[in-house]
Amino acid sequence: MKLTGKHEFSASAAEVYRRLLDPDRLRSCMPGCERLDALGDDRFSLTFGVPIPAIKGTFDGTVEIVDQVPPESFRMKIDAKGKNGFVTADAAMRIESTGPQSSIVHYDADAQIGGAAASVGQRVITGISRRQVADMMKCLDKAEVMARRPGALARLWAWIRSRFGGGPAPA
């Protein structure tokens, strides 16, 4: 399965590069991501769920970041297995600066899917994958817009504490 596309960001190329490799941000923005933990430099363990009823379940695997050229490009190698099959993917990410606070991410991925997961059909899987990548990119972009508002997180945390109690604000 081939998956190519692009997404315009409201942030510098350096900031977008950082976001695309931040496991905490990715975990919160990747649809179906249950776990994304650092195993060391440029390697992560991953657990994700698949939203397709015929192959519903979780996949466990690893993500390796290679060929890094900050803030312009990198590649991700993904290898995951679940009871319903496997996924291996190689994704090239290229970040093009279009201004001081704007960039375009170009992605080109090649994935192999096997087992019961492959029986669903490439068109269905490709369509769902395109939507998930688009949703993730929008979330990563929106996260920065929210972060630019001074005090927004502090006000939200204060409201939560006032309603439900709680300790100090997260760092």
**Request:** Report the extension gain between THR88 and GLN122 in nm, rounded to one decimal, defined as 0.36 nm multiplied by the number of residues separating them, less their alpha carbon distance.
**Result:** 10.8 nm
**Item:** Positive-end residue of SER119, PRO100, ALA134, charge dipole of the range 6-148 with Cβ unit charges
**Value:** SER119
**Fill in**
Residue-ordered couplings for the range 29-37, obtained by feeding phi - 60° into the Karplus form 6.51 cos²θ - 1.76 cosθ + 1.60 and rounding to whole Hz (Gly and Pro as x), are 9, 7, x, x, 6, 9, 7, 8, 10
**Fill in**
Using alpha-carbon coordinates alone, the radius of gyration and Dmax of the range 87-143 in Å work out to 14.2, 46
**Item:** Alpha-carbon gyration tensor eigenvalues x 5, square-rooted, for the range 1-133, Å
**Value:** 26, 16, 13
**Fill in**
Rounded to the nearest 0.05, FRET efficiency between SER73 and ARG43 (Cβ-Cβ, R0 30 Å) equals 0.95
**Request:** Under a cut-off of 13 Å between alpha-carbon atoms, report the aspartates and glutamates in cross-link reach of LYS81, not counting same-chain residues fewer than 8 places apart.
**Result:** ASP60
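We did not get these values from a lab; they are worked out from the coordinates using the rules stated. Given the structure is predicted, the values throughout are model-derived calculations rather than measurements. Backbone-built Cβ (ideal geometry, glycine too); neighbour counts: all protein chains shown.
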